[in-house]
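Colleague: Please find one structure pasted underneath; my questions will follow.
No value in this document is a laboratory result; all are computed from the given coordinates. Not measured: the values here are computed from a predicted model. Here the Cβ positions follow ideal geometry from the backbone for every residue, glycine too, while neighbour counts run over all protein chains shown.
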Amino acid sequence: MRIPPLHRRKGYQRFFAGIVIGFIIGWFFFLLSYGGLQDFYMTEIDRRDEEIRGLNDEFKHFKQDYEEKNKENEKKLRIQEIKVSFLNREQAGLKGLHLIELENAVKTELHDVLTKDIESVGQNANLLIRTLENKNFLIGKEEYNVKVYQMHLYTTLRLYLKIEQVK
């Protein structure tokens, strides 16, 4: 069996030459379009990197300014609310209305603290505690005294109190 000599025929030579020339032209077209796209994307990446650097610089500036303003505002913060919690309300025997009356009496005693700045209240915290502990509250027909267990001071003054009945 013999393989026909196709390399001598002009039609086949043109066909294979066309394939090779088409491959070379296609390869140059691919390199040209791929290179153009890569150049475009590299330019876009550089532009966005520069934009990100600028935004990061602005963010650092704003963050620093924000922190400075927060420090200034913390100095100006004021007490806006007073919350009272009784730790031993079941043992003291106070329920319902009597407990609310005692809570309101404590809040009334501390009413002067509202709208004061936190720094001045913090400096006078011991005086505030002694004032509460030395005061006897008349609820119904009985007198009660409170002991300050904990005090949290921020825009809300939170007091955790223990109730003691005065004998």
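Colleague: Once the Cβ-Cβ distance between Lys75 and Val166 is put in as r, and R0 is 35 Å, what FRET efficiency do you end up with, to the nearest 0.05?
Modeller: Computed FRET efficiency for Lys75 and Val166 comes out at 0.30.
Colleague: Please give the charge dipole size of the chain, origin at the Cα centre, charges +1 on K and R Cβ atoms and -1 on D and E Cβ atoms. Round to the nearest 20 debye.
Modeller: 1320
Colleague: For a quick protection proxy, order the peptides 146-155, 102-111 by their average other-Cβ count within 10 Å, most packed first.
Modeller: Peptide ranking by packing, descending: 102-111, 146-155.
Colleague: How many nm separate the modelled label positions at Glu67 and Leu87, each set 7 Å beyond the Cα in the direction of the Cβ?
Modeller: Placing both labels 7 Å beyond Cα along the Cβ direction yields 3.7 nm.
Colleague: Return one number: the angle in degrees, 0 to 90 and rounded to the nearest 10, between the long axis of the Cα atoms of helix 10-76 and the longest principal axis of the Cα atoms of the chain.
Modeller: It works out to around 20 degrees.
Colleague: Turning to a different aspect of this structure: As a check on your grasp of the helix formula, calculate [θ] at 222 nm for the chain: sum -39500 (n - 2.57) over DSSP H runs of n ≥ 4, divide by the residue count, round to the nearest 500.
Modeller: Values: 5 runs with 100 residues, N = 167.
Mean residue ellipticity, 222 nm, calculated: -20500 deg cm²/dmol.
Colleague: Still on this structure: Relative contact order, percent, of the chain when contacts are C-alpha pairs under 8 Å separated by at least 6 residues?
Modeller: The value is 23 percent.
Colleague: Given a cut-off of under 8 Å on Cα pairs at least six residues apart, what relative contact order in percent is computed for the range 81-165?
Modeller: Relative contact order here is 42 percent.
Colleague: Taking a cut-off of 21 Å, what percent of all Cα-Cα pairs in the range 8-75 are separated by more than that?
Modeller: 64
Colleague: Just one of (i) 0.97; (ii) 2.72; (iii) 1.35 is Cα Rg over 2.2 N^0.38 Å calculated from these coordinates, so which is it?
Modeller: (ii)
Colleague: Quick one: length gained pulling Ile19 to Ile100 fully straight, 0.36 nm per residue minus the C-alpha distance?
Modeller: 19.5 nm
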